[in-house]
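Everything on this sheet refers to the single structure shown next.
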Amino acid sequence: MATTIAANAWVDPRAELDEDVVIGPFCMIGAGVRIGRGTRLYNHVTLMGHVSLGSDNVLFPNVVVGAEPQDVSYQGSETRVEIGNGNTFREGVTVNRASEKEDGVTRIGSHNFLMANCHVAHDCKVGDHVLIANGTLLAGHVHVHDHAAISGGVGIHQFVTVGSYSFIGSLSRALHDVPPFMLVEGIPARPRCINIVALKRNNFSAERIELIAAAHRLLYRSKVGLNHAREILRTNNQFSADIEQLLAFIEGQQVGKHGRGREVRRAA
């Protein structure tokens with residue numbers, strides 16, 4: 001099918017649009033933008049800077065992707081935003097392009113759902129099948145792994161990593177890395193239990209879930225410590241690939257700064 005562009009939209013002739021793209025009224029598309037097949041922009045959507053959108057994305061009104069990072073050290077270099085396929089960005093979502101401090105790319109994967117008024121700051125990396133609810137704010141350099149879910153009104157500190165299959169409860173303040181498979185909430189957010197709803201929805205077996213629950217009890221209720229928990233789980237034949245992933249994540253978290261594994265400690 002042919003691409004459709006509303007008469008009152010503005011598309012720079014240097015932008016690259018695939019087939020079957022729909023550009024609605026009052027959209028503005030800059031010169032460095034590439035849009036994949038089947039992507040739909042409803043109205044008042046702004047894509048600026050170097051932005052790559054894959055196929056079958058849906059952008060609702062007042063979405064802005066590719067604006068300069070809100071970082072006072074940014075010097076105007078040609079950093080990017082890269083977005084995969086099948087994402088939905090609801091009203092007022094903003095995604096800033098990267099700063100010069102990492103690889104120069106703010107990246108969002110595929111099949112994600114970002115609800116109204118979410119903000120994805122510079123240098124963030126969001127995986128696949130991630131759900132972010134209304135009004136949640138990702139500070140710079142946040143990483144969100146596959147199948148994570150973040151409820152509404154959550155504030156996530158810069159350099160925080162959100163593990164796969166985790167959940168952050170509404171109105172929480174995430175200052176520390178969020179371990180995979182865990183449900184966290186509070187100010188600051190702390191692990192409360194395993195995210196059993198997501199595990200069941202993603203076809204984790206009862207045996208896999210029980211092993212993760214056993215690890216949670218040792219780490220966050222008995223608080224036996226990482227190394228002791230590893231020994232107990234091995235002795236009880238409760239070690240698995242999921243447990244190895246969880247323990248490796250926590251180990252990385254502990255060697256970082258303030259519970260954030262990717263934020264390197266500075267020498268005194």
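The values are calculated or read from the model by the stated rules, or taken from the named source; none is laboratory data. The structure displayed is predicted, hence computed values, not measured ones. Reconstructed Cβ throughout: ideal geometry from the backbone, glycine too, with neighbour counts over all protein chains shown.
Here's the yes/no breakdown for (1) within 30 Å of the chain's Cα centre (by Cα); (2) of a type in the set (A, V, I, L, M); (3) on the phi > 0 side of the Ramachandran plot:
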site: LYS223; (1), (2), (3): yes, no, yes
site: ARG230; (1), (2), (3): yes, no, no
site: ASN236; (1), (2), (3): no, no, no
site: GLU244; (1), (2), (3): yes, no, no
site: LEU247; (1), (2), (3): yes, yes, no
site: GLY252; (1), (2), (3): yes, no, no
site: GLY261; (1), (2), (3): yes, no, no
site: VAL264; (1), (2), (3): yes, yes, no
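Exactly one residue out of SER170, SER164 is within 18 Å of LEU247 (Cα to Cα), of a type in the set (S, T, N, Q) and assigned to a loop (DSSP other than H, G, I, E, B), and it is SER164.
Restricted to strands (runs of 3 or more DSSP E) entirely inside the stretch 46-151, those with at least 1 residues that are in contact with an Asp or Glu (Cβ under 8 Å, 6 or more places away or on another chain) are 50-53, 94-96, 105-108. For VAL160, the test of being crowded, with 22+ Cβ neighbours inside 10 Å and either within 25 Å of VAL264 (Cα to Cα) or touching a Leu at 6+ places or on another chain (Cβ under 6 Å) (or both) is passed. Checked against the criterion of being among the polar types (S, T, N, Q), more than 20 Å from HIS258 (Cα to Cα) and either in the same structural domain as PHE89 (by TED's automatic domain parsing) or surrounded by fewer than 20 Cβ atoms within 10 Å (Cβ to Cβ) (or both), the candidates ASN203, ASN195 yield just one match: ASN203. A count restricted to the stretch 1-31 and to residues that are touching a residue at least 24 places away in the same chain (Cβ under 8 Å) and farther than 19 Å from VAL64 by Cα stands at 1.
Only one residue in VAL64, VAL58, VAL22 is of a type in the set (A, V, I, L, M) and under 26 Å from GLY104 (Cβ atoms), so which one is that? Break it down into steps so the answer makes sense when it comes.
On the way: VAL58 fails: under 26 Å from GLY104 (Cβ atoms); VAL22 fails: under 26 Å from GLY104 (Cβ atoms).
None of the other options fit; the residue is VAL64.
Per-residue answers, yes or no, for (1) aliphatic (A, V, I, L, M); (2) in contact (Cβ under 8 Å) with a residue 40 or more places away in the chain; (3) surrounded by 24 or more Cβ atoms within 10 Å (Cβ to Cβ):
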{"site": "ASN96", "(1), (2), (3)": "no, no, yes"}
{"site": "ASP103", "(1), (2), (3)": "no, no, no"}
{"site": "HIS122", "(1), (2), (3)": "no, yes, yes"}
{"site": "ASP128", "(1), (2), (3)": "no, yes, no"}
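Among the residues of the stretch 237-252, write down those that are closer than 12 Å to PRO180 by Cα and not small (Gly, Ala, Ser). Those that are closer than 12 Å to PRO180 by Cα and not small (Gly, Ala, Ser): ASP242, ILE243, GLU244, GLN245, LEU246, LEU247, PHE249, ILE250.
Can you tell me which residues in the stretch 68-91 are of a type in the set (Gly, Ala, Ser) and buried (at least 17 other Cβ atoms within 10 Å of the Cβ)? Even if it seems obvious, please write down each step before you answer.
So the first thing to find is which residues in the stretch 68-91 are of a type in the set (Gly, Ala, Ser), and the list is 73, 76-77, 84, 86.
GLY84, GLY86, listed by residue number.
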